[in-house]
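Visitor: Structure provided below as structure tokens; questions to follow.
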Amino acid sequence: MAVLVDGRKLSSTILEEVASKATELREKSSVVPTLAAVLVGEDGASVSYVRQKEKACERAGLRSVTVRLPESVTEGELLARIDGLNRDRSVHGIIVQLPLPRGMDVERVVSAVAPDKDVDGFHPLNLGLVMRGTPGLMPCTPAAVCVILDSLGIPLAGLRAVIVGRSLIVGRPLSCLLLQRDLTVTVCHTRTRDLADEVSRADVVVAAAGRAGLVRGEWIKPGAVVIDVGTNPTPSGLIGDVEFAAAAERAGYITPVPGGVGPLTVAMLLKNVVSASTSCGMPRCP
Ligand code: NAD
């Protein structure tokens, strides 16, 4: 039976460090690390994600401001608001809650956030730094997966990792971070021919497809590390991409949903806000 990895516990350790750094900044330089969240429309999940981030900031002694814009806002107006936040010296981190209304160019909007305030790590410059292995503002979910792996205390070099999902916010940047840890990485996607075969050879499986129960328990190699990034709403609550009970029978370590990657992703976001507020050596915004 697998060891259950407690994402909440790991995240509370990181949040304690964030809170103590925030206190130090406030006392020494009167800087209050500040996150601005831009929320377009009233999508229920987006509203609740932003609320979660506001609460986490409050608990850790960070300031948060939420810019709420109506669904009818034009892309030009949204870009102008982002530009205003880029120029606002009291704001250190900016996130634009996705998804955006249909018709908006997500790429353009994400690229409009100043790279040194891009605490989601989605800007092309920050993604490029991840690919080069240069420290910068790292995308939060891939960073969270690495915190989990590092916490296990097992040698990672040479392990075979399979990531299910090739998105720009999870799968692709994570593949770079795992390569930097010397794992041998395969990235699977909707056109992968035999997902079961790929997963069954993996020492580390990261499921990030957004398909409930896609990764079957019987595919898991005995003793493997299984990290479930997926969050799929069901009438009885959130479930992951991994068939949890059956996978837990075979895995060495497994993350639950909820309570695994999710809380750590929020912790990594706040960590990015604090590093943005101390200037992490990235190019300054205008
Ligand atoms: P996405 O839709 O952008 O990408 C999904 C990827 O999965 C795609 O690359 C696609 O090719 C692949 N995929 C989909 N169905 C597949 C299948 N049947 N076989 C193989 N590959 C398949 O999604 P995303 O934004 O990367 O998010 C993925 C999941 O992770 C979602 O459930 C999302 O809610 C969750 N997520 C969780 C957190 C967190 O903090 N816990 C953060 C980000 C995303």
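Visitor: Conditions: (1) outside any loop (DSSP other than H, G, I, E, B); (2) in contact with a Leu (Cβ under 8 Å, 6 or more places away or on another chain); (3) not polar (S, T, N, Q). Gly230 meets all but one. Number of the miss?
Guide: Answer for Gly230: the failing condition is (1).
Visitor: Going through region 233-248 one residue at a time, which ones are surrounded by fewer than 17 Cβ atoms within 10 Å (Cβ to Cβ) and either in a strand (DSSP E or B) or within 12 Å of the ligand (Cβ to nearest atom) (or both)? It would help to see each step written out before you state the result.
Guide: Going through region 233-248, the residues surrounded by fewer than 17 Cβ atoms within 10 Å (Cβ to Cβ) turn out to be 233-238, 245-246.
Matches in region 233-248: Pro233, Thr234, Gly237, Leu238.
Visitor: So, one more: Please verify whether region 197-204 includes one or more residues that are without any contact (Cβ under 8 Å) to a residue 60 or more places away in the chain and within 11 Å of the ligand (Cβ to nearest atom). Outline the logic, then answer.
Guide: Pass one, region 197-204, residues without any contact (Cβ under 8 Å) to a residue 60 or more places away in the chain: 197-204.
Now restrict to residues that are within 11 Å of the ligand (Cβ to nearest atom): 198-199.
There is at least one residue in region 197-204 that is without any contact (Cβ under 8 Å) to a residue 60 or more places away in the chain and within 11 Å of the ligand (Cβ to nearest atom).
Visitor: Under 9 Å between Cβ atoms, at least 6 apart or on separate chains: pull out the pairs that start in region 70-96 with a residue that is over 17 Å from Glu107 (Cα atoms) and end on any residue that is part of a helix (DSSP H, G or I) and at pLDDT below 95.
Guide: none
Visitor: Could I ask something else about it? Any idea how many residues of region 249-269 are within 13 Å of the ligand (Cβ to nearest atom) and in a helix (DSSP H, G or I)?
Guide: Quick first cut of region 249-269, residues within 13 Å of the ligand (Cβ to nearest atom) only: 255-269.
Of the ones still in play, those that are also in a helix (DSSP H, G or I) are 261-269.
The total comes to 9.
Visitor: Next question, about the same structure. When the residues of region 210-227 are narrowed to those that are crowded, with 24+ Cβ neighbours inside 10 Å and in a loop (DSSP other than H, G, I, E, B), which ends up farthest from the ligand (Cβ to nearest atom)?
Guide: Only one residue fits best here, namely Ala224.
Visitor: Scan region 1-19 and give yes if some residue there is exposed (fewer than 13 other Cβ atoms within 10 Å of the Cβ), in contact (Cβ under 8 Å) with a residue 12 or more places away in the chain, out of contact with any Ser or Thr (no Cβ under 7 Å at 6 or more places or on another chain) and in a loop (DSSP other than H, G, I, E, B), otherwise no.
Guide: Within region 1-19, one or more residues are exposed (fewer than 13 other Cβ atoms within 10 Å of the Cβ), in contact (Cβ under 8 Å) with a residue 12 or more places away in the chain, out of contact with any Ser or Thr (no Cβ under 7 Å at 6 or more places or on another chain) and in a loop (DSSP other than H, G, I, E, B).
Visitor: Out of region 162-183, which residues are near the ligand (Cβ under 10 Å from one of its atoms) and in a strand (DSSP E or B)?
Guide: Hits for region 162-183 are Ile163, Val164.
Visitor: Scan region 127-160 residue by residue and report those that are more than 15 Å from the ligand (Cβ to nearest atom), touching a Ser or Thr at 6+ places or on another chain (Cβ under 8 Å) and on the phi < 0 side of the Ramachandran plot.
Guide: Leu137, Leu159, Arg160, listed by residue number.
Visitor: Out of all the residues in region 91-98, is one or more over 19 Å from the mean Cα position of the chain (by Cα) and either buried (at least 18 other Cβ atoms within 10 Å of the Cβ) or outside any helix (DSSP H, G or I) (or both)? Working first, answer last.
Guide: Keep residues of region 91-98 that are over 19 Å from the mean Cα position of the chain (by Cα), which gives 91.
From the residues that got through so far, the ones that are either buried (at least 18 other Cβ atoms within 10 Å of the Cβ) or outside any helix (DSSP H, G or I) (or both) too are 91.
Yes, some residue in region 91-98 is over 19 Å from the mean Cα position of the chain (by Cα) and either buried (at least 18 other Cβ atoms within 10 Å of the Cβ) or outside any helix (DSSP H, G or I) (or both).
The values are calculated or read from the model by the stated rules, or taken from the named source; none is laboratory data. These figures come from a predicted structure and were not determined experimentally. We place every Cβ from the backbone using ideal geometry, glycine too, and count neighbours over all the protein chains shown.
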